[in-house]
Amino acid sequence: MRKTVFAVLFLAATLTCGYFLTRNVVGQATRVLARNQIDFLAFYCAGKVSAVRADPYLAEPLRSCEEAAMSSLGHTYRMAPYLVVPAPLPPYALAPVSLFGFMGYRVAATAWFVLLVAACALSIVLLRRLTGLSVLALFFPVLLADGLASIIIGQIVPIVFCFVCASALALREDKPFEAAGYGVATLLEAHIGLALCLGLFVLEPRSRRGLLIFGGLLAALSLAYGGLEQNVEYIARVVPAQARAEGLSFSGQYSLSALLAQAGVAASLALVLGSLSYLFMLVIGIGMAGRLARTLADRAYVVLVPPAFVLLGGAYAHIHQMALALPLAFMLVARRSAWRPLALAALLLLAVPWQSFAEMPFFYMRLPPLPHVDVRPAMSRIADGGRLAEDEWGLWQSLPIRDRRTPLQRFETKLPTWLGLIALTVATFGLASGGAQNESQSESSEGRSRASFRSITRA
């Protein structure tokens, strides 16, 4: 009897301690997670706003929703005065995101985190089947470039990354209709999905039926959810405003437009040149995709090359989107060829989200502090709620409180990633020009080395 009483008391004490520990530790962890997922905060509120038929692209009621969501985490969590974070997602992307609006913000942010982690894990499984590389070789690059760079801020890229891998695998397995479906899903990141879908349409005629069907369904969803007016607003106003607000900001951008603007080129000209470079790399990428697919007898390259190529240059590119070059890099590393060392160098450079590390407190707080600037007067002049959120975000981006790094330090942070993209492009050109011959030469050389080793050991 005494043992039973002690066992019951011990179990009760354990459950009580476990409850309070879970409530405090897990509760605090989810609050910190929700606070840091600033991009998901914008997606969450835009979905919530659009679900009640308000305009998700205007500063209000988006700002009020973001302030309320952040305040729900506790009295220590607040948005900066007058700040509104835009959600430049098309209506068809806001439709599924709006489902999270039925949850409280902290629960929704935790669910989003779990979804992104699951997408990264599934991507590793798909890449394992695509490349034959070990899980360990795949794990750390995906964890860093696809996970760390996106999950911290709640970006949508890991989901798109997973769809890219699924589309490539479906095409290799001779399932063009499924490849088209996964390809259309990558339009969640419109400029990435556009490159992938155009590559499929041009190089894989059997996928065109699927592209038209799934593309039509996506357009129908966009019109049904946002209406004609909101869709026109997104294309005509939101996309150009987002390009002006953030596409020219060298603090976080990897685009040619941002680099040119930093060098003193006029904003309008920088955006035009960046857009032209996107089109140029898109054409080159589609051409190289077709050539590489024929040379190496693998249709997966049709899907993988164009999205990787358009990341070099362009008018809009963030560090989290650089992960979308990893599948191509993994594929080239898995091939035995004379270009394998260059592909491996590209993979190592792209695997590290240098920008994300540079913005972490451990590194960032070591930089000289910026002088105190009261941003409220500047922000209050335009914070009337009737403007596009991108317009107010653009002013916030231009204020001298955003980045402690000098322009040279920002350039140095981006340089490894740019070099990785260049190395990946060169390796792709090299393999496309003589991949089969290079591969056979490499295998012959490896065979001769093994034969030489055997003869030495026999002797």
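The values are calculated or read from the model by the stated rules, or taken from the named source; none is laboratory data. Everything numeric here is computed off the predicted structure, so don't read it as measured data. Don't worry about glycine lacking a Cβ; one is built from the backbone with ideal geometry, like all the others, and counts go over all protein chains shown.
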Hey, can you tell me all the residues within segment 374-432 that are at pLDDT 80 or above and touching a Ser or Thr at 6+ places or on another chain (Cβ under 7 Å)?
-> 410, 431, 432
Can you confirm whether segment 267-285 contains a residue that is of a type in the set (Val, Ile, Thr) and not in a helix (DSSP H, G or I)?
-> no
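Within segment 73-130, restricting attention to residues that are among the basic types (Lys, Arg) and in contact with a Ser or Thr (Cβ under 9 Å, 6 or more places away or on another chain), which residue is modelled with the lowest pLDDT? Break it down stepwise before answering.
Residues of segment 73-130 that are among the basic types (Lys, Arg), as a first pass: 78, 106, 128-129.
The next check asks that each one be in contact with a Ser or Thr (Cβ under 9 Å, 6 or more places away or on another chain); those that pass are 78, 106, 128.
Numbers: 78: 71, 106: 89, 128: 95.
Across segment 73-130, the extreme among qualifying residues is 78.
Listed residues 177, 163; which is surrounded by fewer than 18 Cβ atoms within 10 Å (Cβ to Cβ), out of contact with any Asp or Glu (no Cβ under 8 Å at 6 or more places or on another chain) and not in a loop (DSSP other than H, G, I, E, B)?
Numbers: 163 fails: surrounded by fewer than 18 Cβ atoms within 10 Å (Cβ to Cβ).
After applying the criteria, what remains is 177.
Going through segment 140-160 one residue at a time, which ones are assigned to a helix (DSSP H, G or I), under 21 Å from residue 108 (Cα atoms) and hydrophobic (A, V, I, L, M, F, W, C)? Spell out the reasoning first.
Within segment 140-160, the subset assigned to a helix (DSSP H, G or I) is 140-151, 157-160.
Subset that is under 21 Å from residue 108 (Cα atoms): 146-151, 157-160.
Residues satisfying the conditions are 148, 149, 151, 157, 159, 160.
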Can you tell which of 261, 266, 245 is farther than 22 Å from residue 324 by Cβ and in contact with a Leu (Cβ under 6 Å, 6 or more places away or on another chain)?
-> 261
